[in-house]
Amino acid sequence: MLYTKKTFSFEYPVGEADVVLLGIPWDFSQTGYPTRYGPFFIREAIKNMIGFDPETKTNVFEKYKFADLGDIEVVPGNWKPTEERIKDTITSLFEANPKVLPIFLGGDHLVTLGILNSIKNLRNEKITVVDFDAHRDMLPEFLGERFSHVTWVNHALKDFDIVQVGARAWSGEEEKLKVNVTDGFQKTSKPVYVTVDMDVFDPKISPEVGTPEPNGMDFGEFLNILKEVASSKVIGMDIVECGSTEINSTTATLAANIIKKMLCYK
Ligand SMILES: [Mn+2]
């Protein structure tokens with residue numbers, strides 16, 4: 001008997017897993033609180049989480065076979081080679097298991113662009129990105145950088161339909177650009193990728209984020225929408241901008257429970 005503990009009590013080889021966890025601790029475009037420890041603290045929160053969900057009468061740890069693949073080793077301060085590593089890793093992952101549901105842990109919101117560029121040709125139809133975020137992230141550039149956590153939507157619009165949920169703080173420039181995205185989730189038959197920026201929540205329940213904004217969602221409101229999203233063809237998900245720096249942090253605990261709820265609803 002091996003009395004050991006990993007992220008999930010039982011882990012499966014990549015080829016057999018239903019769900020894989022992959023961290024991307026890139027936060028070099030972050031303007032606020034560092035988020036590179038997000039994957040670490042979300043994992044600790046998963047270990048501490050009850051698997052059974054009274055609402056759906058499901059134990060998430062029994063329903064799915066999990067594999068934690070660890071973190072992608074990012075190139076500090078250099079996005080292009082980091083994005084190449086993200087693409088290589090995700091390509092290998094889907095070669096090993098085309099049906100797997102990946103859950104990515106950031107990192108700042110730029111990691112979502114790397115993920116999306118890796119999966120854009122995975123389906124024959126255009127993928128809808130459901131973006132839970134306080135911000136629009138639509139700027140053409142920020143501080144002279146084309147690639148930033150506040151510009152990723154501007155890039156992603158070329159290849160994806162973007163649906164934003166919870167946006168409540170944006171610039172004058174984004175006020176003009178926001179016609180290019182849909183506000184609010186409507187049921188769709190298209191494949192869906194979900195990205196959750198932890199600042200979509202009110203700072204009361206998710207304080208450790210890069211750029212907090214007042215008057216955010218509570219967990220109940222979020223779950224009502226997540227339930228709808230989960231009933232579509234979800235092909236992947238990320239949770240980003242988790243700036244936790246200690247065990248049992250509020251934001252990481254919430255992030256772990258988002259993963260649980262998503263998988264229970266699916
Ligand atoms: Mn964002």
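Laboratory data are not the source of any read-out in this text; all were calculated from the coordinates shown. What you see is a predicted model; the values in this text were computed from it and never measured. Don't worry about glycine lacking a Cβ; one is built from the backbone with ideal geometry, like all the others, and counts go over all protein chains shown.
Remarks
- Once both labels are positioned 7 Å from their Cα atoms along Cα-to-Cβ, the gap between E16 and E125 label points is 3.3 nm.
- Nearest-ten-degree value, helix 110-119 long axis tilted from longest Cα axis of the chain: 70
- For the chain, DSSP calls about 10 percent of its internal beta bridges antiparallel.
- Under 14 Å from a label point set 7 Å out along the Cα-to-Cβ vector of F94, the amide N atoms of the stretch 158-195 belong to 160, 191-194.
- For the pair L157 and N48, a Förster radius of 35 Å applied to the C-beta separation gives a FRET efficiency near 0.40, rounded to the nearest 0.05.
- In plain terms, the C-alpha convex hull of the chain casts an average shadow of 13.7 nm² when viewed from every direction.
- Pairs from K99/K126; K126/K187; K190/K227; K87/K120 whose Cα-Cα separation, in the structure shown, is over 21 Å: none
- With the gyration tensor restricted to C-alpha atoms of the stretch 1-122, the semi-axes of the equivalent ellipsoid amount to 26, 18, 13 Å, longest first.
- Angle in degrees between helix 250-265 and the longest Cα principal axis of the chain, rounded to the nearest 10: 70
- On Cα atoms only, tilt of 38-47 relative to the major axis of the chain in degrees: 30
- Estimated from helical segments only, the mean residue ellipticity of the chain at 222 nm is -9000 deg cm²/dmol, where each DSSP H run of four or more residues counts as -39500 (n - 2.57).
- Contour minus Cα-Cα distance for E173 and V75 (0.36 nm per residue): 32.2 nm
- Under the Karplus curve 6.51 cos²θ - 1.76 cosθ + 1.60, θ = phi - 60°, whole-Hz ³J(HN,Hα) for the stretch 123-134, x wherever Gly or Pro sits: 10, 6, 9, 5, 8, 8, 9, 9, 10, 7, 6, 5
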